[in-house]
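Participant: This is the structure I want to talk about, given as structure tokens.
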Amino acid sequence: MSVKNRLAIVVPCFNEQEVLIETTKRLSEVIIKCVDAGKISDDSYILFVNDGSSDRTWEIVQEQSKVNRYVCGVNLAGNVGHQNALLAGLSVAADNCDIAISIDADLQDDVNAISKMIDKYEKGCDIVYGVRDSRATDTLFKRYTAQKFYKLMKGLGVKCIYNHADFRLMSNRAIRFLLRYEERNLFLRGMVPTIGYKTDSVTYDRSKRMAGESKYPLMKMLSFAFDGITSFSVRPIHFVLYSGVFFILIAIAIFSYVTYSFFTGNVVPGWTSLMLSLWLCSGCVLLGLGVVGEYIGKIYMEVKRRPRYNIENVLLHEQNC
Ligand code: UDP
Ligand code: MG
């Protein structure tokens, strides 16, 4: 019989006292089911990451860990945000698991998808994305803005999985590679697809938050979306450059129009020079900004110091070693 995989379910928690006990119960049931089905080893566990909560979250994790042997926890010294908390959890899990699945504490993501994700891992996938099948439980506003956001990201050239958030399985080697990304501005759902390896997805219906409030109010959501765009794409800078070129082209077209008007005497004094300088100067300013921006964009990409490649296998003949 093959050696079974040790699973870590990583759950970032920020003020989640209302949901934690139910979450523990449901995730433990999933672990027990998967252990019984022979999919994972019995030392698999849930790793709650307390992201500087001000309520009883950490106390509940400690209490639960005394009565439930599947419950483990990481307590962060302060609130660092969902993405950083998740990465902290993955970094702890990396030394203690074969596979890790990240899931939100409110269980909006379907826990039954976990077993399907493990099946895909067994079939050779290193990363399995949880993809929302329907957004029926989201508000119309959230549904609309989320869809537009994914389209915009795609248009900006960011590799992003449509309707996938942070519910995903990663193999140990995929986590280890992710931990080599040195950037501070985290947007994991954009970073993970750049790792490579064989990937697949599992679809599920997203339900409503079990209890408690969303920890992503509108402003936080918008700033997260903005982070996603600016962390992954320098196309907005290209846009400034192109608009500079566009304005200069318009200035050239306007040049013939205003000269014609000037000579036919159909203008008030000063209009010709004003019109010309307006378009030409704006064009030159934008072009200059765009050129400076291109350099800043390059510096931005450089300072991330991301690994440049991910070698999966090396095949060498002995005489070449
Ligand atoms: N979260 C966190 N730190 C934060 C904000 C949120 O760890 O600063 C966690 C939160 O406890 C939850 C997950 O991130 O497990 C997603 O948050 P939430 O469900 O509130 O977001 P929504 O589903 O409303 O977008
Ligand atoms: Mg939620």
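Participant: For the chain, set up a Gaussian network in which alpha carbons nearer than 10 Å are linked by springs, and say which option among 209, 184, 26 fluctuates the most.
Facilitator: 184
Participant: What is the distance, in nm, between label points placed 7 Å from the Cα along the Cα-to-Cβ direction at residue 301 and at residue 213?
Facilitator: Placing both labels 7 Å along Cα→Cβ, they lie 4.1 nm apart.
Participant: Using only Cα atoms, tell me the angle between helix 218-232 and the longest principal axis of the chain; keep it within 0 to 90° and round to the nearest 10.
Facilitator: Here the helix axis deviates by roughly 80 degrees.
Participant: Ordered by packing density, taken as the mean number of other Cβ atoms within 10 Å over each peptide's residues, highest first, how do 246-253, 5-12, 257-264 rank? Write down the numbers at each step before the final one.
Facilitator: Working: 246-253: 14.5, 5-12: 24.9, 257-264: 12.8.
So the peptides 246-253, 5-12, 257-264, ranked by packing, come out 5-12, 246-253, 257-264.
Participant: Out of 140, 278, 169, any idea which swings most in a Gaussian network model of the chain, alpha carbons joined below 10 Å?
Facilitator: 278
Participant: Here's something else I'd like to know. To the nearest 20 Debye, how big is the dipole of the chain about its Cα centre, given +1 on the beta carbon of each Lys and Arg and -1 on that of each Asp and Glu?
Facilitator: Its charge dipole is roughly 720 debye.
Participant: Semi-axes of the equivalent ellipsoid of the stretch 30-70: what are they in whole Å, largest first, if each equals the square root of 5 times a C-alpha gyration tensor eigenvalue?
Facilitator: Working: eigenvalues 133, 21, 9 Å².
Those come to 26, 10, 7 Å.
Participant: Any aspartates and glutamates with Cα under 19 Å of the residue 39 Cα? List them, leaving off those in the same chain fewer than 8 positions away.
Facilitator: Straight-line reach from residue 39, under 19 Å: 29, 98, 110, 119, 122, 126, 200.
Participant: Right, next: In the chain, if the dipole is taken from +1 on Lys/Arg beta carbons and -1 on Asp/Glu beta carbons about the Cα centre, which of 244, 14, 46 is farthest to the positive end?
Facilitator: 244
Participant: Starting from the stretch 69-126, pick out the trypsin sites (Lys or Arg not before Pro) whose DSSP state is loop and whose Cβ has at most 13 other Cβ atoms within 10 Å. It would help to have the intermediate numbers written out before the result.
Facilitator: Values: sites: 69, 116, 120, 123; in loops: 69, 123.
The qualifying sites are 69, 123.
Participant: Using Stokes-Einstein with the Kirkwood hydrodynamic radius over Cα pairs, what translational diffusion coefficient do you get for the stretch 162-321 at 10 °C and a viscosity of 1.306 mPa s, in µm²/s rounded to a whole number?
Facilitator: For the chosen part, D equals 75 µm²/s.
Participant: So what is Rg over Rh here for the stretch 88-165, counting just Cα atoms and using Kirkwood for Rh?
Facilitator: Dividing the radius of gyration by the Kirkwood radius yields 1.01.
Participant: I would also like to ask the following. Kindly provide the helix-only [θ] at 222 nm of the chain, computed as the sum of -39,500 (n - 2.57) over DSSP H runs of four or more divided by all residues, to the nearest 500 deg cm²/dmol?
Facilitator: When only DSSP H runs of four or more count, the value is -16000 deg cm²/dmol.
Participant: On to the next question. Once you charge only the Cβ atoms, +1 for Lys and Arg and -1 for Asp and Glu, what is the size of the charge dipole of the stretch 1-120 about its Cα centre, to the nearest 20 debye? Show your work: numbers first, answer last.
Facilitator: Values: 11 positive and 18 negative charges, 86 e Å.
Here the stretch 1-120 has a charge dipole of around 420 debye.
Participant: Residues in the stretch 177-199, backbone N under 12 Å from the label point at residue 159 (7 Å along the Cα-to-beta-carbon vector): list them, ranges by number please.
Facilitator: Of the residues in the stretch 177-199, 190-199 have backbone N under 12 Å from the label point off residue 159.
Participant: For residue 159, go through the lysines and keep the ones whose alpha-carbon is under 18 Å away, minus same-chain ones fewer than eight residues off.
Facilitator: 148, 151, 198, 304
Participant: What is the percent of Cα-Cα separations in the stretch 59-127 that go past 21 Å? Walk me through the numbers on the way to the answer.
Facilitator: On the way: 864 of 2346 pairs.
Distances greater than 21 Å cover 37 percent of the Cα pairs.
Participant: Among 79, 266, 163, which one moves the most in a GNM of the chain with springs linking Cα atoms closer than 10 Å?
Facilitator: Result: 266 has the largest fluctuation of those listed.
Participant: Something else about it: Can you tell me the length gained on complete extension of the stretch residue 260 to residue 292, counting 0.36 nm per residue apart and subtracting the Cα distance? Display every interim value, and only then the final one.
Facilitator: Details: separation 32, 0.36 × 32 = 11.52 nm, distance 3.54 nm.
So the extension gain works out to 8.0 nm.
Participant: With just the Cα atoms of the stretch 1-99, tell me how far they stretch along each of the three principal axes, in Å, largest first.
Facilitator: For the stretch 1-99, the Cα extents along the three principal axes come out at 46, 24, 18 Å.
Participant: Starting from 0.36 nm per residue, how many nanometres of slack lie between residue 252 and residue 32 once their C-alpha separation is accounted for?
Facilitator: Extra length available between residue 252 and residue 32 comes to 72.0 nm.
Participant: Only four residue types carry charge here, +1 at the Cβ of Lys and Arg and -1 at the Cβ of Asp and Glu. Report the dipole size of the stretch 220-307 about the Cα centre in Debye, rounded to the nearest 20.
Facilitator: 400
Participant: Take residue 56 and residue 310, extend 7 Å from each Cα along the Cα→Cβ direction, and tell me the distance between the two endpoints in nm.
Facilitator: Distance between the two pseudo-spin positions: 4.1 nm.
Participant: Another question about this same structure. Once the principal axes of the Cα atoms of the chain are found, what is the range along each, listed largest first in whole angstroms?
Facilitator: Result, largest extent first: 91, 63, 36 Å.
Participant: Can you tell which of 295, 285, 207 lies farthest toward the positive end of the dipole of the stretch 183-300, using +1 and -1 charges on the Cβ of basic and acidic side chains (Lys, Arg; Asp, Glu)?
Facilitator: So the residue furthest toward the plus end is 207.
Participant: Mind checking the stretch 131-214 for GluC sites (Glu not before Pro) that DSSP puts in a loop (not H, G, I, E or B) and that have at most 12 other Cβ atoms within 10 Å? Provide the component values of the computation, followed by the final result.
Facilitator: Working: sites: 182, 183, 213; in loops: 182, 183, 213.
Within the stretch 131-214, the qualifying GluC sites (Glu not before Pro) (loop, at most 12 other Cβ atoms within 10 Å) are 182, 213.
Participant: Provide the net charge surrounding residue 200, with neighbours chosen by a C-beta distance below 14 Å and charges set as Lys +1, Arg +1, Asp -1, Glu -1.
Facilitator: +2
No value in this document is a laboratory result; all are computed from the given coordinates. The shown structure was predicted, so the numbers you read here are calculated from the model rather than taken from an experiment. Note that we place each Cβ from the backbone using ideal geometry, even for glycine, and neighbour counts take in every protein chain shown.
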